[in-house]
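Structure record follows, encoded as structure tokens.
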Amino acid sequence: MFNREESTAPVDAGETYDVTIEDIAREGDGIARVSGFVIFVPGTSVGDEVTIKVTKVLRKFAFGEVAD
């Protein structure tokens, strides 16, 4: 009855992406987007161009961290 796909997100946990931080969330995390999909990245500021590693992917958004 329901189509239960693992994820329709354009990102995968454990993968790295080059992003630009576009906004700041209420909690202070930076917000990046990959194909319009929101990724929260703590410790970043608007305008930062960083490589992030996605740590957790949920249905509507994901969490990442700045990759070393």
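Pairing residues of segment 30-54 that are without any contact (Cβ under 8 Å) to a residue 24 or more places away in the chain and aliphatic (A, V, I, L, M) with residues that are assigned to a strand (DSSP E or B) and open to solvent by less than 60 Å² (accessible area, probe 1.4 Å), at Cβ distances under 7 Å and at least 6 apart in sequence or on separate chains, gives 31/38; 31/40.
Does residue 13 fit the bill of being in contact with a Ser or Thr (Cβ under 9 Å, 6 or more places away or on another chain) and either in a loop (DSSP other than H, G, I, E, B) or free of Cβ contacts under 8 Å to residues at least 12 places away in the same chain (or both)? It is true that residue 13 is in contact with a Ser or Thr (Cβ under 9 Å, 6 or more places away or on another chain) and either in a loop (DSSP other than H, G, I, E, B) or free of Cβ contacts under 8 Å to residues at least 12 places away in the same chain (or both). Number of residues in segment 17-42 that are within 11 Å of the chain's Cα centre (by Cα) and among the basic types (Lys, Arg): the value is 1.
Just the residues that are open to solvent by 60 Å² or more (accessible area, probe 1.4 Å) and touching a Phe, Trp or Tyr at 6+ places or on another chain (Cβ under 9 Å), please, taken from segment 29-57. The answer is 42, 53, 55, 56.
The values are calculated or read from the model by the stated rules, or taken from the named source; none is laboratory data. Source: prediction; values computed, not measured. FYI the Cβ positions are ideal-geometry reconstructions off the backbone, even for glycines, and counts take in every protein chain you see. Calculation scope for accessible area: heavy atoms of the full protein, side chains included, ligands and nucleic acids excluded. Shrake-Rupley method; radii C 1.70, N 1.55, O 1.52, S 1.80 Å.
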